[in-house]
1. When you go through (1) under 20 Å from Phe9 (Cβ atoms); (2) at pLDDT below 90; (3) touching a His at 6+ places or on another chain (Cβ under 9 Å) one by one for His123, which number turns out not to apply?
2. Of all the residues that make up region 62-89, how many are in contact (Cβ under 8 Å) with a residue 24 or more places away in the chain, in contact with a Ser or Thr (Cβ under 7 Å, 6 or more places away or on another chain) and not in a loop (DSSP other than H, G, I, E, B)?
3. So for region 114-123 (the condition being more than 26 Å from Ile201 (Cβ to Cβ), without any contact (Cβ under 8 Å) to a residue 40 or more places away in the chain, in contact with a helix residue (DSSP H, G or I) (Cβ under 7 Å, 6 or more places away or on another chain) and assigned by TED's automatic domain parsing to the domain that holds Leu11), does at least one residue qualify?
4. Of the residues Tyr208, Tyr203, only one is at pLDDT 90 or above, outside any helix (DSSP H, G or I), within 30 Å of Lys136 (Cα to Cα) and aromatic (Phe, Trp, Tyr); which?
5. Find all pairs meeting these conditions: Cβ atoms under 6 angstrom apart; at least six residues apart or on different chains; first residue within region 173-195 and crowded, with 16+ Cβ neighbours inside 10 Å; second residue among the acidic types (Asp, Glu).
6. Considering region 131-148 alone, what residues qualify as being more than 17 Å from Tyr104 (Cβ to Cβ) and in contact with a helix residue (DSSP H, G or I) (Cβ under 7 Å, 6 or more places away or on another chain)?
7. Considering Ser93, Ser54, which residue is among the hydroxyl-bearing types (Ser, Thr, Tyr), at pLDDT 95 or above and either surrounded by fewer than 19 Cβ atoms within 10 Å (Cβ to Cβ) or not assigned by TED's automatic domain parsing to the domain that holds Leu256 (or both)?
Amino acid sequence: MEKKRTLSFSLSQEELFVALRYLNILMMEGLDNKILAELNEREQKLVLGAAERSLVARGFLIPNMDHKFTLSDPVLALIISCARPEKSIIINSTIPNGPRQTIYFHSARKMRVMHTIPIIAIHQFIAVEDDLAFGKAILSLLRLSEIKSNKSQEGKVIAGNLLAARDSALAGNLDKAIKMLSKTLDPGTAENLAEAFAHPILYSDIQYIPKNTGRDRQTSFSIVQGKSSLWLLDGHDLDHAPSKEVHIHSVSSDELAQKIKSF
């Protein structure tokens with residue numbers, strides 16, 4: 001662990017399972033419980049026993065006055081902030097020819113914690129100093145260029161049609177994508193959006209889950225950044241809601257930054 005202005009540590013998936021059991025917590029965002037459920041009882045004991053010994057050796061589990069092990073304060077603070085957050089921002093981000101990356105930003109009381117999975121089965125937790133640093137970390141992840149709104153007219157497109165147009169643009173059939181989008185969008189808007197789909201810099205899904213609410217109260221939207229335009233699409237995970245009507249409008253990078261900072 002680094003004990004400077006930033007506190008961070010990494011846990012294996014098995015170590016995280018053990019840490020959560022010490023907190024009597026069964027689930028948290030970003031952790032796949034199915035992996036453990038696929039093991040029989042004997043295999044679970046072997047895997048979790050080894051992980052527990054590793055936590056003890058690393059000083060993450062320490063003995064208390066009753067000679068029982070408890071999580072060290074820094075580890076407990078960061079993990080419980082992610083497992084029992086007051087507010088969360090979850091970002092799924094994809095760059096061209098790159099892997100999809102998910103980062104969880106959790107706020108609980110005075111804690112601001114980033115939870116990432118940089119390597120399969122490795123979970124990294126980073127405590128961020130304050131709200132300002134928290135916002136900067138989110139905007140840094142989005143890699144926003146200095147883009148001004150292109151003043152395209154707002155409009156709506158059925159999600160299935162929007163995704164079909166995106167796929168056509170990515171496949172190099174720009175005219176087909178424009179034609180599909182022009183069915184419900186202004187021609188200029190359709191052309192500009194199709195261009196962004198054809199040459200994307202970044203595609204991200206963003207979910208904001210406010211205090212004491214579930215996913216049914218969340219704010220969700222996607223952003224598409226092209227070479228010279230930035231688009232906000234109302235809703236996320238559109239592949240699973242093909243009949244949903246998606247609100248589309250062009251925004252500037254400053255406008256998007258302000259929207260995220262408002263969370």
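1. Of everything listed in (1) under 20 Å from Phe9 (Cβ atoms); (2) at pLDDT below 90; (3) touching a His at 6+ places or on another chain (Cβ under 9 Å), His123 misses just condition (2).
2. 1
3. no
4. Tyr208
5. That search, which allows pairs on different chains as well, returns Ile178/Glu191.
6. Matches in region 131-148: Leu144, Ser145, Glu146, Ile147.
7. Ser54 is the lone residue from the list that is among the hydroxyl-bearing types (Ser, Thr, Tyr), at pLDDT 95 or above and either surrounded by fewer than 19 Cβ atoms within 10 Å (Cβ to Cβ) or not assigned by TED's automatic domain parsing to the domain that holds Leu256 (or both).
The values are calculated or read from the model by the stated rules, or taken from the named source; none is laboratory data. As the structure is a computational prediction, the values presented were derived from the model and not from experiment. All Cβ positions, even for glycine, are placed from backbone atoms using ideal geometry, and neighbour counts span all protein chains on display.
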